[in-house]
Each structure stands twice: as C-alpha cells, then as structure tokens.
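The values are calculated or read from the model by the stated rules, or taken from the named source; none is laboratory data. All values reported here derive from a predicted model rather than from experimental measurement. Cβ sites come from the backbone with ideal geometry, for glycine too, and all protein chains shown count toward neighbours. Note: areas computed on protein heavy atoms with side chains; ligands, DNA, RNA excluded. Shrake-Rupley method; radii C 1.70, N 1.55, O 1.52, S 1.80 Å.
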Amino acid sequence: MSDQRDPARDPAPYDALLLLSFGGPEGPDDVVPFLENVTRGRGIPTERLKEVGQHYFLFGGVSPINDQNRALLQALRKDFAEHGLDLPVYWGNRNWAPYLTDVLREMVRDGRRRIAVLATSAYASYSGCRQYRENLADALAALEAEGLDLPRVDKLRHYFNHPGFVRPMVDGVLASLADLPAEVRDSAQLAFTTHSIPTAAADASGPEEEHGEGGAYVRQHLDVARLIVDAVREETGVQHPWELVYQSRSGAPHIPWLEPDICDHLEERRTAGAPAVVMVPVGFVSDHMEVLYDLDTEAMAKAAELSLPVRRSATVGADPRFAAAVRDLLLERAAAERGVPAERCALGALGPSHDLCPVGCCPARTPKPAAAGADSPFA
C-alpha cells in the first residue's frame with residue numbers, strides 16, 4: 001500500500017516511467033525509412049534523403065542513439081532497484097522502433113494507468129519539448145481510436161540545471177582539459193555546443209513570458225555553461241574563456257538559424273590566437289549522430305586543418321548520477337501530484353522549470369494537439 005511506503009521513495013500516483021527518445025537507424029536498410037519518418041509531411045525526395053543519410057552510412061548505417069538509450073534504460077532500472085523504487089521503466093521512440101505508439105499500447109495492456117515521461121532532451125524548445133508532447137498526443141489518439149482506455153501521461157520537467165545532469169559534464173570538461181598538452185591547458189577556451197534551431201523558434205521557446213531574443217532555449221544553455229565554467233574554475237583555479245556555439249543546422253539557407261557554427265567558431269578562434277579548444281556538447285544527453293559526426297568527425301577535421309588542438313568532452317549518457325537525477329525528478333513530481341512538499345533540485349540562476357507546460361509554451365508553426373501540458377486534449 002502506498003501509505004506504507006517511505007514518502008521519499010513513493011512514486012504514487014505513477015505506475016510506470018516511459019523513456020521517450022528520438023530513435024535512429026540500426027542498419028543501412030533503415031536509414032532512408034528512418035529519415036522519411038523524421039521528415040514526414042515535408043515532401044523531401046528520396047534521393048535527397050539518401051544524400052542526407054551519408055552521415056549514417058559512414059558509420060555502417062547505425063546511429064548510436066538506440067544503444068545509448070538501452071544503456072540508460074538499464075541504468076535507470078538499476079538505480080530504481082537499488083533505491084527500493086518498484087516502478088517499471090519502458091522505452092519508446094518518436095521515429096524508429098520501438099515506436100512510441102506501440103510501447104504505449106503495451107503499457108496499457110500491462111495495466112499502466114498513470115505514466116511519467118522522461119524525454120531525452122533537457123531544454124525548452126519546440127523540437128526539444130512540444131514536439132515530443134505532440135507525438136504523445138498522436139499516440140494517445142491512435143490508442144483511443146482502437147478503443148483502448150487511455151492512461152494519463154505527465155512529462156517530467158526540464159532537467160538542464162539538475163546537479164545530476166550538470167556534474168557529469170563538469171567532470172567531462174576537466175578530463176578533456178587534462179588530456180590537452182600542459183603548455184596549452186590553462187589557456188584553452190571552451191566552446192559549449194548545442195543544436196542550432198531557427199532563430200524564430202528560439203525566440204518563442206519556453207513560456208510566453210520568456211519569449212524574446214533567444215528565448216528560454218538560449219538562456220537555459222547559457223546558464224548551464226556558466227555553471228560548468230564556474231565549477232571548472234573552482235576545481236582548477238583557472239577561468240577559461242568560453243562561448244555558446246551551435247551545430248547540426250539543417251534548414252533552408254534563407255531562414256535565419258542560431259549562430260555561430262562550431263566549425264566557423266574554431267576557425268575564428270584560431271585566427272584570434274586561441275591555443276586550444278575544448279568542445280562541450282552541453283545540449284545533448286548522449287553521443288548520438290550529431291555528436292559523432294558533427295563534432296567528432298566534421299569539427300575535428302576542421303581543427304586538424306587549422307592545426308588547432310581540440311578535445312571533445314563527454315556527454316552525460318548513462319552516468320549513474322543522471323539516472324539518480326531522473327529518480328529525483330520522478331519522485332518530486334509524484335510528491336507534487338499528491339500535494340506533498342518536495343525538494344526541487346536545480347543549480348544556477350533560473351531555478352527549477354515548470355511541471356506543466358503552459359499554453360503558448362514553445363508554439364508550433366502549425367498548431368497541433370499536444371499531451372502533458374495545460375492545453376492537452378487528454379485528461
């Protein structure tokens with residue numbers, strides 16, 4: 001019975017956690033169908049998708065993201081078991097197997113009625129939050145059409161500034177700095193990288209009161225970058241120059257996207273006399289294709305061309321501290337749903353994010369139903 005549990009370990013009212021991710025191909029034959037899923041409705045020709053898919057073909061047609069999600073899934077289950085949290089953890093993807101709709105159907109048939117959702121995107125933006133909520137709404141609508149009783153789904157809050165997300169990145173930067181030649185280590189500069197998005201989408205990210213230049217998307221990344229720089233200074237005594245830069249642009253050339261690009265930044269830093277750079281993929285949970293290709297392949301090739309010493313620090317991945325952070329997020333939300341006060345861990349100036357996305361948060365260009373928010377069509 002829930003009233004016999006330790007309140008600090010009580011997941012009620014939740015009876016399951018869903019790890020919700022982007023998905024990726026797991027072989028050469030998967031690449032074009034996967035990209036068709038990602039770009040559905042945009043009318044992009046198959047030949048163009050094959051060109052885009054070259055990044056995947058360089059790695060055998062396999063994205064690392066699914067294996068990394070399997071590792072995180074195991075880390076979450078291990079952490080839950082070790083801390084007496086009796087809650088099943090499922091995994092579903094937006095764009096590849098295991099598909100979100102199939103997994104939600106499985107959860108319903110397993111008797112799950114109240115589901116907490118962790119998206120593998122830490123920041124506010126349309127593509128990083130609302131689009132996941134739209135996919136949840138699509139999946140729930142499909143189950144409703146099948147006559148299934150719908151569960152309630154609640155998306156856990158943004159965790160960009162949770163200590164369990166930030167501290168592993170600090171350690172990654174420290175390890176990368178230590179790997180640089182001693183003569184350039186203390187003067188190395190930090191380039192915090194995240195996915196570029198259209199400036200219009202960035203400006204409209206977060207709740208309406210946070211809209212403006214860069215919106216919540218840029219402010220959240222800057223806050224995390226400052227946290228990491230400050231932590232590195234505290235441990236090394238060195239204040240490293242830093243900048244927030246962008247990668248993985250994929251839009252039409254005439255549409256403004258967030259800049260500067262990481263490769264342009266490396267060239268500019270070399271021209272300005274920077275002796276070394278550590279790239280910090282602060283915008284990414286794991287080493288998926290945008291990290292593997294855009295940083296480890298493309299940006300590293302640019303650095304070699306410039307004869308610029310560059311290291312790339314680690315993402316959080318399946319770090320046990322991140323798994324523990326997910327447990328924190330789940331239990332704090334469960335307590336809030338029960339009306340019980342709970343500690344909401346957050347570092348930096350912005351504080352903990354909202355539990356429920358308000359109306360007008362990260363709006364879509366074309367309005368679509370989105371679950372797990374104040375404007376959800378589902379109870």
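With the structure loaded, tell me whether residue 297 is of a type in the set (Val, Ile, Thr), within 29 Å of residue 214 (Cα to Cα) and assigned to a helix (DSSP H, G or I) or whether it fails that test.
yes
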Inset, instruction - Check the range 29-49 and report whether any residue there is in contact with a Gly (Cβ under 8 Å, 6 or more places away or on another chain) and closer than 30 Å to residue 161 by Cβ. - result: no
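Here is a yes/no grid of residues against (1) under 19 Å from the mean Cα position of the chain (by Cα); (2) β-branched (Val, Ile, Thr):
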| site | (1), (2) |
| --- | --- |
| 190 | no, no |
| 208 | no, no |
| 218 | yes, yes |
| 225 | yes, no |
| 239 | no, no |
| 270 | no, no |
| 274 | no, no |
Legend entry - First in the range 248-259 and in contact (Cβ under 8 Å) with a residue 40 or more places away in the chain, second anywhere and charged (D, E, K, R) and surrounded by 11 or more Cβ atoms within 10 Å (Cβ to Cβ), Cβ under 8 Å, 6 or more apart: 248/290; 248/294; 249/261; 257/249
Inset, instruction - Among what's in the range 288-321 and is surrounded by 20 or more Cβ atoms within 10 Å (Cβ to Cβ) and among the charged types (D, E, K, R), pick the residue that is nearest to the chain's Cα centre (by Cα). - result: 290
Legend entry - Within the range 332-348, considering residues that are more than 20 Å from the chain's Cα centre (by Cα) and hydrophobic (A, V, I, L, M, F, W, C), the one surrounded by the fewest Cβ atoms within 10 Å (Cβ to Cβ): 340
Legend entry - Segments classed as helices (runs of 4 or more DSSP H), wholly inside the range 1-116, with at least 2 members that are under 22 Å from the mean Cα position of the chain (by Cα) and closer than 25 Å to residue 141 by Cα: 31-38, 100-109
Legend entry - Residues that are under 12 Å from residue 207 (Cβ atoms) and surrounded by fewer than 16 Cβ atoms within 10 Å (Cβ to Cβ), drawn from the range 357-374: 358, 359, 360, 374
Legend entry - Check on residue 187, open to solvent by 10 Å² or more (accessible area, probe 1.4 Å) and closer than 22 Å to residue 69 by Cβ: no
